[in-house]
Ligand SMILES: [Zn+2]
């Protein structure tokens with residue numbers, strides 16, 4: 001299985017930072033994907049950066065890259081995780097919303113199984129923190145037809161790793177313990193999903 005890691009935005013994407021400007025989403029997403037890549041490499045799992053560049057890469061190009069890998073290896077052998085940090089306001093002031101969430105497209109696909117594995121891992125790695133869920137269709141993930149999810153041919157999920165306009169969430173993300181909890185939950189979620197998939201040779 002190939003794990004595609006998408007880091008969401010570029011240094012040139014407007015907004016996407018904490019109200020005080022110190023926390024930049026593009027940089028933190030790159031830190032997370034780099035850590036996850038390193039950990040997966042140690043585990044012998046093939047993971048790749050969808051966007052090695054620093055600048056923003058338009059969504060159609062991100063999906064083209066993902067689909068080229070799906071074409072090459074088979075879309076049932078590839079999964080995509082797009083990592084983001086949430087925001088509740090317009091970036092000008094600190095807000096109250098907190099918590100972790102994972103999105104899939106609407107309807108039931110293999111991405112829902114991946115998202116459920118990530119929620120399980122979030123429960124243990126983010127104890128006492130709010131997990132934002134939508135159980136209306138029987139599983140915990142939130143559903144939104146985000147471009148990257150909709151136009152990638154492999155199972156794809158988008159994680160919103162706490163809020164960059166919440167003071168407590170930002171403090172957690174900037175702590176060693178907090179950042180490792182976010183990394184660990186992705187690793188555990190991926191491993192949990194891989195162990196459940198029958199198509200993956202052991
Ligand atoms: Zn984002």
Taking region 1-15 and the residues there that are touching a strand residue (DSSP E or B) at 6+ places or on another chain (Cβ under 7 Å) and either within 16 Å of the ligand (Cβ to nearest atom) or not in a loop (DSSP other than H, G, I, E, B) (or both), the one that is modelled with the lowest pLDDT would be 8
Within region 82-137, the residues that are in contact with a helix residue (DSSP H, G or I) (Cβ under 6 Å, 6 or more places away or on another chain), within 21 Å of residue 174 (Cβ to Cβ) and within 15 Å of the ligand (Cβ to nearest atom) are 83, 85, 100
Test: residue in region 94-109 that is free of Cβ contacts under 8 Å to residues at least 12 places away in the same chain, outside any loop (DSSP other than H, G, I, E, B) and at negative phi
no
Restricting attention to region 141-186, the residues that are more than 14 Å from the ligand (Cβ to nearest atom), closer than 24 Å to residue 95 by Cα and part of a loop (DSSP other than H, G, I, E, B) number exactly 3
Note on residue 79: of the conditions (1) away from the ligand (no atom under 15 Å from the Cβ); (2) surrounded by 20 or more Cβ atoms within 10 Å (Cβ to Cβ); (3) part of a helix (DSSP H, G or I), unmet is (3)
Just wondering, is there one or more residues in region 49-57 that are touching a residue at least 12 places away in the same chain (Cβ under 8 Å), more than 15 Å from residue 150 (Cβ to Cβ), surrounded by 20 or more Cβ atoms within 10 Å (Cβ to Cβ) and within 15 Å of the ligand (Cβ to nearest atom)?
yes
Among 93, 72, 77, the single one that is modelled with pLDDT of 95 or more and either under 15 Å from the mean Cα position of the chain (by Cα) or under 27 Å from residue 177 (Cβ atoms) (or both) is 93
Reported set for region 18-35 where residues are under 17 Å from the mean Cα position of the chain (by Cα) and within 16 Å of the ligand (Cβ to nearest atom) is 24, 25, 26, 27, 28, 29, 30, 31, 32, 33
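With the requirement that a residue be surrounded by 14 or more Cβ atoms within 10 Å (Cβ to Cβ) and not in a loop (DSSP other than H, G, I, E, B), what does region 35-45 give you?
First pass over region 35-45, keeping only residues surrounded by 14 or more Cβ atoms within 10 Å (Cβ to Cβ): 35-37, 39-40, 45.
The answer is 35, 36, 37, 39, 40.
The values are calculated or read from the model by the stated rules, or taken from the named source; none is laboratory data. Quantities reported herein were computed from a predicted structural model and do not represent experimental measurements. Heads up, the Cβs are rebuilt from the backbone with ideal geometry, glycines too, and the neighbour counts pull from every protein chain shown.
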